[in-house]
Each structure stands twice: as C-alpha cells, then as structure tokens.
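Below is one structure, written out as structure tokens, with a few remarks after it.
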Amino acid sequence: MAAKKEKVYYATGRRKSSVARVYIRPGKGKITINDRDVNEYFPHATLVLDLKQPLTIINGEARYDITVYANGGGYTGQAGATRLGIARALLLAGEDRKALKVEGMLTRNSRAKERKKYGLKKARRAPQFSKR
C-alpha cells in the first residue's frame, strides 16, 4: 500500500515585477527559495523578517516547511511577493484569516515603477529650464 501523501498548499504572490510561487507543507520550519536557504538567498536580515511576518502572526514558524520559486524584480520585490504568497497559502491550510487580514498580509501592494514619458528625463523629472 502506498504511503499517505502529505497535503501541499500552493499560492502565488506578486510585488513590483516579481512573482513568487509558494508551496507550504506541514514540517519543521525550513524555508527554501530557489533551492537555496532563505538566509543565504536574501542579503539583508530585514527582508527575511518581512517575508516571515505571516508566520509570526499565526505563531507558525516551526509548523510549516516552505518552498518558494521567485523570479523577476529585485530582492525587495521578491521578498514582498513571497510574503503575500505565504499568507495566501496559509489561508488554504486553514489558518486564521482575520488575524492575517487585520495585519494587511492578504492585500497585494500594487505600487510599481511609473513609466518614463517622452520629453522628460525620467517619469516626472523635466529637463532643466532656463529663463534666459
């Protein structure tokens, strides 16, 4: 007889131009991003704290093993995308929606880089103006 398959919960998170595919399963608290340890992948400890925030809210740091495949954007965007993905996956795993909602973990941060307009140097920066 085949062994009982453990339940895996999948969710997607996005932030800026980053996309994170998050898989959580019951475990000991191991977090892997793109086949590397979370502390090895992100250069700043603040980014790691940021993405662990949904787990901290539900006191689940040591209850789930998390595998993330993040691509696009930079470290900040990937950390934000991972955070949203983890929060959404925790909902599917049956965690407390209200606690996550109150802390704003389920809201997608829609801020993205504004496009450059022609006639300007950047998105809003105009060329220097001279009266004479």
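Evaluating Thr67 against the criteria (1) within 20 Å of Pro26 (Cβ to Cβ); (2) modelled with pLDDT under 95 leaves one unmet condition, (2). Considering Tyr69, Tyr23, the condition of being in a strand (DSSP E or B), touching a Lys or Arg at 6+ places or on another chain (Cβ under 6 Å) and either touching a residue at least 60 places away in the same chain (Cβ under 8 Å) or within 27 Å of Glu6 (Cα to Cα) (or both) is satisfied by Tyr69 alone. The set of residues in region 114-132 that are under 30 Å from Gly85 (Cα atoms) and loosely packed, with under 10 Cβ neighbours inside 10 Å comprises Glu114, Arg115. The residues on offer are Ala62, Ala89, Ala112, and the sole one that is of a type outside the set (Phe, Trp, Tyr), touching a residue at least 12 places away in the same chain (Cβ under 8 Å) and not in a loop (DSSP other than H, G, I, E, B) is Ala89.
Of the numbered criteria (1) of a type outside the set (S, T, N, Q); (2) over 14 Å from Arg83 (Cβ atoms); (3) part of a strand (DSSP E or B), the one Glu6 fails is (3). All told, Pro43 falls short of being surrounded by 17 or more Cβ atoms within 10 Å (Cβ to Cβ) and outside any strand (DSSP E or B). Scan region 70-103 for residues that are of a type in the set (A, V, I, L, M, F, W, C), farther than 17 Å from Ile24 by Cα and under 12 Å from the mean Cα position of the chain (by Cα) and the total you get is 0. Please verify whether Glu61 is exposed (fewer than 15 other Cβ atoms within 10 Å of the Cβ), in contact with a strand residue (DSSP E or B) (Cβ under 7 Å, 6 or more places away or on another chain) and either of a type in the set (D, E, K, R) or modelled with pLDDT of 95 or more (or both), treating the condition exactly as stated. Answer is no for this residue.
The values are calculated or read from the model by the stated rules, or taken from the named source; none is laboratory data. Just so it is clear, the model here is predicted, and its values are computed rather than measured. Because the Cβ atoms are built from the backbone with ideal geometry, glycine has one as well, and the counts that use them run over all protein chains shown.
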